[in-house]
Structures are given as C-alpha cells and as structure tokens.
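Novice: Structure in structure tokens, see below.
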Amino acid sequence: MMMLNTQSPVPLYRQLADLLAARIREDVYKPGYRIPSEHQLAADFNIGRPTARQAVDVLVRKGVLRRRRGAGTFVCDARQEVDLFSLDGTGTSFKKMGLNVDTRLVTPLQLCHAGEGADNPFSGQSAFFLTRLTRVNDEPVLIEEIYLHAELFAGIENMALEGQSLSAIAEERLYLRPVSGKQSFNIGYLDKKRSRYLNTGTDIPVLVVKRYLHFPQMADGVFCQLWCRTDQFVFTQNIGGTDHG
C-alpha cells in the first residue's frame, strides 16, 4: 500500500486525490467500480475521515467520481464529447450520438414581461418565454430558459412544442433560420428550484451559458440561458448551419 507523504507541501487530501485519479487512469479502478469508502480510505492511509472526504470531493467535482446515495462512490464512465452549442438545437448532438434524449417543458410557452437583467436583450419588453429540461438516458443534463422575440415568433403560441425541436419549428413553420450567434460561458451554482430539476446540489458547480441567436430580420431574436451538468459530458462548441433533431 502506497502511503502519503506527511512531509510534502502538497496537502494530504490532494495527494490522495491524485493517487485515486492515477488508479483510475491505469484501469485499476475501472468505470462503474465502487471505490473504497471514505472510512476505509482513512484507515488504509492513516488519515482522518474529513481528509478522505476532501479527496473524494475533488474527484466528484471534476466528474471523475460520482456518489450514489446509499450505495457508495463509483468511477464515472468516460465522458463523451458533445457539441451542445451548435445552432442545430440542444438535442441534436445527443441524438447524433445515438443517445436516448427526452426534452420536456417545465414552464409552458407564455407571453410575459421580461424582468430586468443587464444581459437579457428583452429586459423590460414582452417576449415569449419557456423553460425546458433535457434528460439523456434518463438522467437530467441541462435546463434552458428561453426568450423568443414576440413579433418574430408570432404564431408559435398555437403550435405544439412538447418534445419538439424549436429550431425545426422555427425553420419549417415560421421560416426562421439563425445566421449567427454569440455565447458566453461561466461557472455558477444552481438555486434550489433548478437544483431539483437537475438532481444535483446547490454547492456543485455547473456550466452556465448565455446564448444569443441572430436572424436576417433582426439580431437577438432568441436569448437563452442554460445550466449544464458536466459530470457526464464534455461540452464543446461548433457554430455552423442548422440541422434538426
């Protein structure tokens, strides 16, 4: 059993996290493997249980390990790379990978008065609004809050949106196709409501994306905020033409 170096300037929890990560890379701990409990790690390495927990927390935050309530901590499957942020729409990349994707409306489409917000181009104006939750292989992955220009998307309130591709509806029914977009990326935390939708804690960092889509008729025809779990997928960006999924 390799021991930790108490004389090293590297904290013990970090040493243990690095050791566990090395075992995962070397396939000593394979995907789906349940690693030793924090109690067992503390005993094996002669450290306190809080130190063992810190080490595990590091790898959980990185998406290398995943806790399952009442079952233990397991090695995650290798994360797949998803071009989630193309102009194709949020479900297309998942479907192209052959994954089971389910998108449902959390907040039905409604015409509302957008609240104040420096980043929201619809702030203080009327806009269509909806909230969608995307699940991949029965696991919640991302939640979207979407604003649509009221005049540009006139008529969409009479269309069935549940389980449908918004990009396909916009092009095929409303003859709207984005020509470009702008996105910003940040790390943030979920409030209690969004954390319940994504089945994760309010203390777990998530990827926050603000997305603007521009149309020939006008810029900023769509504004969307996404909160994305990153423990199962690596998200990449490839801005291009549209395809429907």
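Novice: Is it the case that some residue within segment 34-51 is in contact with a Phe, Trp or Tyr (Cβ under 8 Å, 6 or more places away or on another chain) and open to solvent by 60 Å² or more (accessible area, probe 1.4 Å)?
Specialist: Checked against the condition, which is being in contact with a Phe, Trp or Tyr (Cβ under 8 Å, 6 or more places away or on another chain) and open to solvent by 60 Å² or more (accessible area, probe 1.4 Å), segment 34-51 yields at least one hit.
Novice: Only residues that are hydroxyl-bearing (Ser, Thr, Tyr) and open to solvent by 60 Å² or more (accessible area, probe 1.4 Å): list them for segment 1-24, please.
Specialist: Thr6, Tyr13
Novice: Let me ask something else. Just the residues that are touching a strand residue (DSSP E or B) at 6+ places or on another chain (Cβ under 8 Å), open to solvent by 60 Å² or more (accessible area, probe 1.4 Å) and free of Cβ contacts under 8 Å to residues at least 60 places away in the same chain, please, taken from segment 175-198.
Specialist: The answer is Val179, Lys182, Phe185, Asn186, Ile187, Tyr189.
Novice: Looking at segment 143-170, which of its residues are crowded, with 18+ Cβ neighbours inside 10 Å, outside any loop (DSSP other than H, G, I, E, B) and modelled with pLDDT of 90 or more?
Specialist: Ile143, Glu144, Ile146, Tyr147, Leu148, His149, Ile156
Novice: Does any residue in segment 39-55 that is touching a residue at least 12 places away in the same chain (Cβ under 8 Å) come within less than 7 Å, Cβ to Cβ, of a residue that is of a type in the set (A, V, I, L, M, F, W, C) and open to solvent by 30 Å² or more (accessible area, probe 1.4 Å) six or more places away or on a different chain, and which pairs are these?
Specialist: Asp44/Met1; Phe45/Met3; Ile47/Leu12; Thr51/Leu12
Novice: Going by the conditions given, is Ala127 modelled with pLDDT of 80 or more, of a type in the set (Gly, Ala, Ser) and surrounded by 17 or more Cβ atoms within 10 Å (Cβ to Cβ)?
Specialist: In short, yes.
Novice: Condition test on Leu133, is it touching a Phe, Trp or Tyr at 6+ places or on another chain (Cβ under 6 Å), closer than 30 Å to Asp231 by Cα and surrounded by 13 or more Cβ atoms within 10 Å (Cβ to Cβ)?
Specialist: Working: touching a Phe, Trp or Tyr at 6+ places or on another chain (Cβ under 6 Å): yes; closer than 30 Å to Asp231 by Cα: yes; surrounded by 13 or more Cβ atoms within 10 Å (Cβ to Cβ): yes.
When the stated conditions are applied, Leu133 passes them.
The values are calculated or read from the model by the stated rules, or taken from the named source; none is laboratory data. Note that the structure is predicted; figures quoted are calculated from it, not measured. Positions of Cβ are backbone-derived with ideal geometry, glycine not excepted, and every protein chain shown enters the neighbour counts. Note: accessible area is taken over every heavy atom of the protein model, side chains too, but ligands, DNA and RNA are not part of it. Shrake-Rupley method; radii C 1.70, N 1.55, O 1.52, S 1.80 Å.
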